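> My questions will all concern the structure given below.
What follows is calculated from the coordinates using simple rules that are stated; it is not laboratory data. All values derive from a computational prediction rather than experimental measurement. Ideal geometry is used to build each Cβ from the backbone, glycine not excepted, and the neighbour counts take in all protein chains shown.
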Amino acid sequence: MASLAPNAGFPDPDFRLLFESAPGLYLVLRPDLMIVAASDSYIEATMTRRDKIVGRNLFEAFPDDPDDPSATGMRNLHASLQRVIKTGLPDVMAVQKYAIRRGDGDFEERHWSPVNTPVFGADKALAYIIHRVEDVTEFIRLTQAGGEQQRVAAELLSRSEQIEAEIVQRAQQLQEANDRLRDANEQLSTSQATVNQVQKLEAVGQLTGGIAHDFNNLLTVIIGNIDLLEADVADREAGRRMMATIRRSAERGARLTRQLLAFSRQQTLKPETCNLNAVLIELDAAIKRSLGDAVMVRTKLNPALWPCNIDIAQFDTAILNVVANASDAMPQGGTLSLTTRNVAVEPADVAELGDIRPGRYVAVALADTGVGMSPDALARAFDPFFTTKGVGKGSGLGLSQLYGFVMQSGGHVTLDSEPGRGTVVTIYLPHTTQVSEQSQGDAPEPPRIKGAETVLVVEDDADVLDVAVATLTDLGYRILLAYNGLEALQILERDEPIDLLFTDIVMPSGISGVQLAREARRLRQDIKVLMTSGYTTQTLAQEYGANKEYQIITKPYRQSELAEQVRRALGRRDPGNG
């Protein structure tokens, strides 16, 4: 978006055509909220014309319905845009009811799911705001109308498929945008190209993180309804098959969002001190299964390897992604060499290794004897959605996940490859002097699943709130509910027992979940707190200070996960015994 001119729209005809033809519903706004561009899909969905809105203030082009005293869509949107301008951070809004004026002058009620994302210029100043919406009117109407279980299940399946389709569409758009950025940087020097590559990955990472948050909220609704409906169709074979199909689609969407979060360095990591030799030995069988009998595995592990502090599950996934690429590069068989070593990076080594800080690292190198990579493919290997595989044979997120995990862990990764000479992937992870905190004595008793306590549920997304309330009610809890922090505070000030506050973190009305939790603890010293969010603990720690202060369950979550986390938050007390 850096090529946008505030008064002239898009100077590049090709880029303008790409944007206007994108399948999503997008507006591009200046900081003064003047509309400078709109996608064809947005024009169609809002029943207007481009020449009627471009060059006008957003709120002049799209006013609220004057005959609807309850219309708050524009007021809420204005507050969201002001937050973006003030903080420089993306702002995700709850589903909004907002009427669109038809050609005959009457207003038609619609429901929208908006996200507002800042775009910064070369001078680091806010240049534009991308306003993206999803028209969820039919989904809201179906939910409100109720209907039989088969229709709800069919809608959930359709929603899952739409999410997958949108991810693929976003992948194509991002890949085309990355192509243009790469072509624009070809004339720059090596140092300038490195800087631009980092900036590009950061920008795409911010966008993918926002997309993943949107999908996590949608997936929470889908997965929660699946859990609730499965018991009702347990005695019908057709119903069970439909539920299984929907769950597989939702789980595929969840895996894709996890990979998006990994690349954007916003995934939730659970680091622990470990010796990578032991981790790799445990992973040996899975590595050999991935490679098959035609590939020989050679290992050379340093017996004096330093410890490091990492999320072992994410490390396993990263290694298996590299192994999968190596397997594809050796269709006729070959050798994969896996080595570990200790590395002390000096300031003089930084120029050779790239963007790495001096210090002590544990290095894991995987070298294959495959077909190798062309210079063009090597330069783009970490770009999300870039793949040299055929259609349907890869998402292009494997090396992106590796890159995001390693960088989020404070490490570095390098690629060395030439056509016909194989590929070497070297992962550098920081050495640690921490001592692993091992639990002493017997393992704790597994938490109880059901309870009878009172839970105050606070969630601004009505669909997610419905699922959480239904799930907790099904588990035996007494439920109080609020749509924002202000409503929750009014309930907390009442004289009735509340055992647990279960709250979303990012909410409207100027009160975040963290602020609400702190005020709840002031009003009720013994109240327990469990938080949830479609964002990640890293993002929440930066913006809301939520990291480690409260227990957090990330979206999307299963009924069993929510049940366990609620019991843990309550301290595994016996239901009804306070």
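> Taking a ≥ b ≥ c as the square roots of the Cα gyration tensor eigenvalues, with a/c under 1.5 meaning rounded and otherwise prolate when a/b beats b/c, else oblate, which class fits region 454-569?
It comes out rounded by the Cα gyration axes.
> What distance in nm separates the two pseudo spin-label positions at ALA348 and ALA285, each 7 Å out from Cα along the beta-carbon direction?
About 4.7 nm separates the two model spin labels.
> Over region 272-430, what lengths in whole Å, largest first, do the semi-axes of the equivalent ellipsoid take, defined as the square roots of 5 times the eigenvalues of the alpha-carbon gyration tensor?
24, 19, 15
> Here is a follow-up. At 7 Å along the Cα-to-beta-carbon direction for both ALA452 and GLU493, put a label point, then send me their distance in nm to one decimal.
In this crude spin-label approximation the distance works out to 3.2 nm.
> Then there is this: Hey, rough spin-label estimate for MET296 and ASP51, points 7 angstrom out along Cα→Cβ, what's it come to in nanometres?
7.2
> Another one. For a quick check: sort THR48, THR87, THR340, THR532 by the number of other beta carbons within 10 angstrom, fewest at the front.
THR87, THR48, THR340, THR532
> When you count, for each residue, the other Cβ atoms within 10 Å and take the mean per peptide, how do 369-375, 61-67, 511-517 rank with the highest first?
Averaged packing, sorted descending, gives the order 511-517, 369-375, 61-67.
> Which order results if HIS131, HIS78 are arranged by neighbouring Cβ count within 10 Å, fewest first?
Ordered by Cβ neighbours within 10 Å, fewest first: HIS78, HIS131.
> Then there is this: Is the shape of region 461-515 rounded, prolate or oblate, going by the alpha carbon gyration tensor and its root eigenvalues a ≥ b ≥ c, with a/c under 1.5 for rounded and a/b larger than b/c for prolate?
It comes out oblate by the Cα gyration axes.
> Okay, moving on. Once you've got the Cα coordinates, tell me which of LYS450/LYS528; LYS528/LYS555; LYS124/LYS555; LYS97/LYS124 are over 26 Å apart.
Over 26 Å Cα-Cα: LYS124/LYS555; LYS97/LYS124.
> Continuing with the same structure: Provide the FRET efficiency to the nearest 0.05 for the ASP106-SER21 pair, computing r from the beta carbons and using R0 = 25 Å.
0.25
> Between THR273 and ARG522, 0.36 nm times their residue separation minus their Cα-Cα distance comes to what?
Numbers: separation 249, 0.36 × 249 = 89.64 nm, distance 3.56 nm.
Full extension from THR273 to ARG522 adds 86.1 nm.
> Test of understanding: what is the full-extension gain from GLU418 to THR335, defined as 0.36 nm times their sequence separation minus their Cα-Cα distance? Let's see the in-between values first.
Details: separation 83, 0.36 × 83 = 29.88 nm, distance 1.62 nm.
The span from GLU418 to THR335 would gain 28.3 nm if fully extended.
> At a Förster distance of 35 Å, what's the computed FRET efficiency of GLU561 paired with ARG357, Cβ-Cβ distance as r, to 0.05?
0.45
> Just name one of THR369, ASN277, GLN332: the one whose Cα is farthest towards the positive end of the charge dipole of region 272-430 (beta-carbon charges, Lys/Arg +1, Asp/Glu -1).
GLN332
> Next question, about the same structure. Would you work out if region 267-320 is rounded, prolate or oblate? Take a ≥ b ≥ c from the square roots of the eigenvalues of the alpha-carbon gyration tensor; rounded if a/c is under 1.5, else prolate when a/b is larger than b/c, oblate otherwise.
Note, shape of region 267-320 comes out oblate.
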